[in-house]
Structure formats: structure tokens, C-alpha cells
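> Starting off with a structure, shown below.
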Amino acid sequence: MPTTTTNLILTKPAGSEPAAISVINTNMDIIDGKFSGAGATIPASGVEGTAVTATGVVTLTNKTLTSPVITSPTITSGASVSGGLSVSNGLTVSSGASTFADNITVSAGRTDLGSARLILPKGTAFPTSPTPSAGETFYRTDTSPAQAYAYNGTSWIQLGGMVKLDEQILGSDTASPITFSSIPGTYRHLRLVIMARSTRSVVTESILGRLNGDTGSNYHFSMLLVNAGTTSHSATANQTTMNLGVIAAASATSGRAGSLIIDIPDYARTTFHKMVFASETEFVSDTNTDFAQRYSSNLWKNTAAITSITILLTTGPNFLSGSTFTLYGSS
């Protein structure tokens, strides 16, 4: 007389009974069904419902896991994971054609990817324990375009292009200065993009800058002005601010603003004095004599890593509502 297994209730013919194809097929259908439903748990050590752990190793070949919860897994080439994957302690993904159709959440442990692509929910903190090796990389495909990150020995940084670190969009007229503080030291270069207008009753107003709140006479600047076909140059040493350019003010044509791009290379290193380069464009009226470009080079006589940038007006009092100040980091 046949018996059944404890967990899956598979039919086991008695030793004296002939093997029936229908019984074998029924057993296969039961087993297959356990791997096809949403939330199915892959058995470890042959026990249905037991989580797959480091001591209960299960090798899966060309299987699809739907919303599994796995401890310390290793996912090899050819695996497909859909519906999300929750990992309680570490994740290793080998190189190859592993694919992930939904978010992967790692609550602890390091994420090693090889050449696979990992999907993480936006805002997920990057795992740092145990400490990753410098140069390790992984990818986020929950963003468009996909973003690559590398560990630089201190933290994960985004690769390829600029990363927006902070942005201030003025919702009302705002008194000078505008300050970016607590700038992280995890990037190589900084870029500050400004589109702004002053409320002062003049055509243009100079826009100035300071680093790390330094108000001493520690800045040199050199500026090239191109205006209506004429080029001029000015330079001044030992100033209390950087001279970055000018922006449109209240007497300029309505709707006009000053546009500046400010670059600071190697801002976090402490070997050299800091250099700051600014390019600025102005069209404060519809007369060609009011079309100009300025190129400013500034030196801060300090080797300290830059942690704050202050942007201020010569007189002010305010930056006009709608002015924008956006800070980027790049590797």
C-alpha cells in the first residue's frame, strides 16, 4: 500500500508495487507548484518553509524566485529575481547574467556585485559593514539613467557626471548672503551654477564669494571682461572676498538675470591653495553695448578642504525671488 511524504504529501508506492507514470507525474506537478506561486519559499535541507541560510545551502539552476527572504545569499549567473528580494545579512552576486526585476533591500552587510546590476530603492543607505574595498562598484537601476557608484575608501560616490549636492530656489526676495554649508568631502571637484537677479536699483551688481567663512584679506582675483568688442583686464590682491562677476539688478530689462558657472577643482584636498574659476554672461538690455562676458580667476590663500561657500552681493539688499543656486559634486 502506498504511503505519503510528510511535507509535500507526495505519493510513495510500496516496494512491491509497480511504478505508475501517473503517480510520478502527479508528484512532479506538486513539486513544481511549490515553486510557481507568489511568495513561495525555497526549502532548505528538504524541509518546506525553512529559510535558506548560510548553513542550509540550496543550489538553484534557472529558477525564478518571487519575493523571497534569504539570509547571506550568493546569486550566480543565470538567476532571475522578481517581486523584490529582502536580504537580512549581506548579498553576493557573481558575475554573469543575473537579472533583478524589482527592488533589492539589504538590511546589513556589504553588497558585492561583480558585473551584475543591483536595483535599490531610492534613498536606501549604502551598506558599509564590513568595510568595502576601495574601488568596489555597484549600480542603481531605479533611477533614469542608471547610476553607478564606487567606494572611494571612505564612502560611496556616484560615478560619471555631476551629482546635485544642494539647491536653493528662492521663493521670495532673500537677503544676501546665500550659504552652502556642510559640503561633503567625498567628491573631487565642485561646480556652483547661479541664475540670479538683485533687487538693488541699478542695472548690474557685483556678486562676491567667500570660502569656509573666511573674511580675512586672503583672496586674489584676476578678471577678463569682453564687452561690445572691447577686452579689458583687472586684477587685485589681498581682498576680503572673491570677485565672481555681475548679475542683473532692478534697473535692467525685466526678466533678465545674471548667469554664472563657478568651478572649484580639488576642493577637498589639502595640498594646494584653492583656485576658483567663474564664467558669467550678461544681457541686461537689448542694446549690444550691454552684452558682456566675464571670466574670473580667484585664489584663496588656504590649503584647507572647502566645507562651505558663501555668495553675497556688493550692496544688495536682496536676491530677487526665483533666483537659483545649485551646487554639484563630480568625481
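> Select, from 271, 287, 281, the only residue that is within 18 Å of residue 192 (Cα to Cα), more than 25 Å from the chain's Cα centre (by Cα) and free of Cβ contacts under 8 Å to residues at least 60 places away in the same chain.
Every option except 281 fails the conditions.
> Right, another one. When you look at residue 216, is it at pLDDT below 95, assigned by TED's automatic domain parsing to the domain that holds residue 292 and not in a strand (DSSP E or B), yes or no?
No; evaluated as a whole, the condition is false for this residue.
> Among the hydroxyl-bearing types (Ser, Thr, Tyr) and either surrounded by 13 or more Cβ atoms within 10 Å (Cβ to Cβ) or closer than 21 Å to residue 326 by Cβ (or both): which single residue out of 230, 241 fits that description?
Only one candidate passes the filter, namely 241.
> Another question, then. In region 254-268, how many residues are touching a residue at least 24 places away in the same chain (Cβ under 8 Å) and over 28 Å from the mean Cα position of the chain (by Cα)?
3
> Is it true that some residue in region 229-247 is outside any strand (DSSP E or B) and of a type in the set (Gly, Ala, Ser)?
yes
> Take region 287-310 and flag every residue that is closer than 18 Å to residue 189 by Cα and in a strand (DSSP E or B).
Correct list: 296, 297, 298, 299, 300, 309, 310.
> Can you tell me which residue within region 268-286, out of those that are among the small types (Gly, Ala, Ser) and outside any loop (DSSP other than H, G, I, E, B), is surrounded by the fewest Cβ atoms within 10 Å (Cβ to Cβ)?
Per the criteria, the residue is 279.
> Here's another thing I want to ask about it. Got a number for residues in region 278-331 being among the basic types (Lys, Arg) and over 24 Å from residue 239 (Cα atoms)?
0
> May I pose another question? Considering only region 166-190, state which residues are modelled with pLDDT of 90 or more and under 14 Å from the mean Cα position of the chain (by Cα).
Listed by number, the list holds a single entry, 166.
> Quick one: how many residues across region 296-313 are within 21 Å of residue 279 (Cα to Cα) and either modelled with pLDDT under 95 or buried (at least 16 other Cβ atoms within 10 Å of the Cβ) (or both)?
11
> Let me ask another. Going by what's in this entry, would residue 182 be described as more than 20 Å from residue 299 (Cα to Cα), of a type in the set (Ser, Thr, Tyr), assigned by TED's automatic domain parsing to the domain that holds residue 317 and touching a residue at least 24 places away in the same chain (Cβ under 8 Å)?
Criteria met by residue 182.
> Every residue in region 216-239 that is in contact with a helix residue (DSSP H, G or I) (Cβ under 8 Å, 6 or more places away or on another chain) and of a type in the set (A, V, I, L, M), please.
228
> Return the only residue of 251, 206 being without any contact (Cβ under 8 Å) to a residue 60 or more places away in the chain and assigned by TED's automatic domain parsing to the domain that holds residue 313.
Exactly one of 251, 206 is without any contact (Cβ under 8 Å) to a residue 60 or more places away in the chain and assigned by TED's automatic domain parsing to the domain that holds residue 313, namely 251.
The values are calculated or read from the model by the stated rules, or taken from the named source; none is laboratory data. Note that the structure is predicted; figures quoted are calculated from it, not measured. Neighbour counts are summed over all protein chains in view; Cβ atoms, including those assigned to glycine, are modelled from backbone coordinates with ideal geometry.
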